[in-house]
Every structure is written in C-alpha cells, then in structure tokens.
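The values are calculated or read from the model by the stated rules, or taken from the named source; none is laboratory data. The structure presented is a predicted model; accordingly, all values stated were derived computationally and were not measured. Counting neighbours? That spans all protein chains shown, and the Cβs are built from the backbone with ideal geometry, glycine included. Surface accessibility is based on the protein's heavy atoms, side chains included, excluding ligands, DNA and RNA. Shrake-Rupley method; radii C 1.70, N 1.55, O 1.52, S 1.80 Å.
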Amino acid sequence: MASDSSVMHVGVVMAGGSGERFWPLSRGARPKQLLPLGRSGETMLAEAVSRLAPLVPRERVFVITNRMLVDAVRDSDAALPEVNVIGEPCRRNTAGALIYMAAQILARYGGDGSNLAMTAISADHLIPDREAFTAAVSTAQRAAERYDGLVTIGLVPTRPETGYGYVRIAGEAIERGADGVDVFRVDAFHEKPNRERAEDFVRSGAYYWNTGMFVWRVSRFLSELQRVRPDLAEALWALRGALEAGDEAEATRVFEGLENISIDFALMEHAQDVYMVRAAFAWEDVGSWPALDRTREADAAGNVLRGDPVVVDCKDCIVYNAVGAEQVAVGVIGMEGVVVVATGDAVLVVPKDRAQDVRHVVQALRERGADQI
C-alpha cells in the first residue's frame, strides 16, 4: 500500500488519566503515566513517545493531558517541545481528547483535514516489541490513507479478559502483510464482556482485543462525526475557530459543553468504513496492580517484588516497596494472591481480585481531605 506523500502524519499520546487504581504510587500530581512501571526505567509516557519515533517526527508528536499535569509532562523524560503538550480544559474522556486534538491540529497546520492524518495511542500501555508495534501502526497509517477509513489496532486475545473491549472482524483479510499484520474490515465493537462472553469471544477466533489505538485522516474523522454525532462535529469546528483566534475562554466553554463519553461509544460503534490491523506484539493495558504479574519477572513462588521486601511463605503476591528497604522495611508473611504497596506516606493491602476497588480508597481519602492522594 503506497503512502500518500501529501498527507502529514501527526502523533497523539493520550495521557489524561488519573491512575487511581495504582494508588498509593500513583497520585494526582504524578499519575501512572508519569511512573516507570515498565522495565526500561523510563516513565510510561516517555516509552509511548519513543514508540512513535519511527512513525512520526518528534516535532509532530503531541501529548494531551489534563491542565493540572501540563507542567509535570513538560518536565518529564518524554522530552517534547513545550508547545506540544496540550492541556484539556476539563476531563471529557477519549472522545473529548481526540476532538480537542483534531481541533488543535487543524488550527496549527490548516487545511480541511484531508491533508492531515492522526495516529493516536495511549500513555498507559506497555509494549516491549517496538519493531512489531512499528510494523502494525505503519500498516494502519497506509490503510487509513488507502481506504480513507477509520483504522484501529487489534490483538489476538491470549485470555478471556473481561477488562478489555473487543473488535469483531467481518470475514477474511482484505490485505495480507508480513508476520500476520493483516487488514480486516470491522463488523462490530463490543464493550467489556462478562467472563462467559469473553470465553466465547476467544473461542470464536473472530474477536480481537480493542487496544484503543487509532489512525485516520482528520477529514474522515470529521465526516464520520458529522454523520453520527453532528453536535460533536460542530463543537470541533467551534474549537478550531476559538483556537485560531486565540480565544482560550471560548475554547474552554465549548469543550466543557461536550458529553463525557468514550470514542468507542460516541463514534466507533456507529461509524462506517472501519478497519482493523491485526497486530503481533505483546501488549498490556496497565489498569491496576495485578498487571505487574504480566509485565515484571516473578520469583519461584510467583511473587513480584520491588524494593527488597522480606517475604516469607508467600505465593502469587505483589509486594512493592516504593522507597526501598533503607527507608522503609516491608515484611509480608503467609499471604497468597495479595498486593502490598508501601510508599513514604501510605500503605495499601488488597487481594488481587479486589484491585479494581482501590479507587474506593482514593475516594474515601479525598472525602477526608487527605494529602496522600
């Protein structure tokens, strides 16, 4: 598939999440995307920006985050130009983030959007194989130009995961690529299923994990918004006008009026000409502490340990001493399937199967006015 040289590719890293399920390591001023949760020693954000390097010039890579994190992102190891760190006026989920970035790109580069293509990824994904990532996304970029459609990246599910959305393909591949990096038409998107349905999805062979990574021409994104959600398309044009005029107050007013909704619900489930590139790389959406079981090496008893804790007769635990044994000694005895996290000012103990409930602790601390969030 030949690339259209008249199209300028822009990279977008979505980094606005609060990371509450990674408390107490993740805090409001330093959420999980600004933590080194992978193996490289870089923050997750820096890893995401580096991942785009073979695909988009660094000067055209943008990070969209919430306004409270703009300074922290600019000071981070992502090392982007300051003007490429964009702060949303408020949180409006992935639909809001992508609409705001489309408006920013149009205001900055001009045109009707047919001259611009957006590659959007998330900052909270761990993808060790950068070559396979590059192969999949470059295929998606070419597909977005060739078919003028909305393209997503899908992965063959390795387990009946209930925490991910799924994509169902429509028939055989329409493009065959190297190493199984094929292009399919999409039949449907499905939100997070229950266990039984997830098992059915995996058995069928027609369902793939929805990674939440997208590639499209901005003009096609606009036209599909206009068809499916004309209110969102009108807001995008209003945002562009306000940004071009330097009217931040008007841009904020328009953005605050957007519905708080994911791009899947707002657009992808209803869009026409949607395609999926089947990728061939290991991928982890780092949503909560048990994800470390799949991203960090474990000892012989299945324990993932950080910060030199003392662990006696434990099995399948995660024990994370964030400040190290010289400052805080952490000991865990006779536990199985438990997460223990210690920082300089907080301790978390939770069964792995209740790790999603950490956000309730954060909410309770917020109501108390605690400083540790």
Practice item. For ALA173, indicate whether it is farther than 19 Å from ALA282 by Cβ, touching a residue at least 24 places away in the same chain (Cβ under 8 Å) and either buried (at least 22 other Cβ atoms within 10 Å of the Cβ) or of a type outside the set (D, E, K, R) (or both). Key: yes
Point to revise | Residue count for the range 146-162, restricted to those that are surrounded by fewer than 21 Cβ atoms within 10 Å (Cβ to Cβ) and either among the charged types (D, E, K, R) or farther than 19 Å from SER204 by Cβ (or both) | key: 5
Check your understanding: Can we say ALA364 is open to solvent by less than 60 Å² (accessible area, probe 1.4 Å), at pLDDT 95 or above and in a loop (DSSP other than H, G, I, E, B)?
Key -> no
Review point. Taking only pairs six or more apart or across chains, which ones have beta-carbon atoms under 7 Å, a first residue in the range 209-235 that is more than 27 Å from SER138 (Cα to Cα), and a second residue that is aromatic (Phe, Trp, Tyr)?
Key: none
Exercise for review: Could you tell me which numbered condition VAL12 fails, if it satisfies all but one of (1) part of a strand (DSSP E or B); (2) out of contact with any strand residue (DSSP E or B) (no Cβ under 9 Å at 6 or more places or on another chain); (3) not aromatic (Phe, Trp, Tyr)?
Suggested key: (2)
Review point. If we scan the range 139-149, do we find a residue that is outside any helix (DSSP H, G or I) and touching a residue at least 60 places away in the same chain (Cβ under 8 Å)?
Key: yes
Point to revise | Qualifying position, being at pLDDT below 95 and more than 16 Å from the chain's Cα centre (by Cα), among ARG159, ARG168 | key: ARG159
**Study point:** Filtered residue count, the range 291-306, keeping only those that are surrounded by fewer than 19 Cβ atoms within 10 Å (Cβ to Cβ) and either of a type in the set (Lys, Arg) or assigned to a loop (DSSP other than H, G, I, E, B) (or both)
**Key:** 9
Point to revise | Test set (1) in contact with a Lys or Arg (Cβ under 9 Å, 6 or more places away or on another chain); (2) within 30 Å of ALA144 (Cβ to Cβ); (3) open to solvent by less than 40 Å² (accessible area, probe 1.4 Å) - SER288 fails condition number | key: (2)
Practice item. Give, as residue ranges, the helices (runs of 4 or more DSSP H) completely inside the range 27-118 that count at least 2 residues that are surrounded by fewer than 18 Cβ atoms within 10 Å (Cβ to Cβ). Key: 70-74, 93-109
Practice item. Being part of a helix (DSSP H, G or I) and touching a strand residue (DSSP E or B) at 6+ places or on another chain (Cβ under 6 Å) narrows it down to one of ALA136, ALA132, so name that one. Key: ALA136
Practice item. Answer yes or no as to whether ALA346 is at pLDDT 95 or above, under 17 Å from LEU35 (Cβ atoms), in contact with a Pro (Cβ under 6 Å, 6 or more places away or on another chain) and not polar (S, T, N, Q). Key: yes
Review point. When you look at GLU191, is it surrounded by fewer than 14 Cβ atoms within 10 Å (Cβ to Cβ), in contact (Cβ under 8 Å) with a residue 12 or more places away in the chain and touching a helix residue (DSSP H, G or I) at 6+ places or on another chain (Cβ under 8 Å), yes or no?
Key: yes
Practice item. Among the residues of the range 274-318, write down those that are of a type in the set (Ser, Thr, Tyr), at pLDDT 95 or above and closer than 25 Å to THR43 by Cα. Key: none
Check your understanding: Any idea which of ALA251, ALA279 is under 30 Å from LEU35 (Cα atoms) and among the aliphatic types (A, V, I, L, M)?
Key -> ALA279
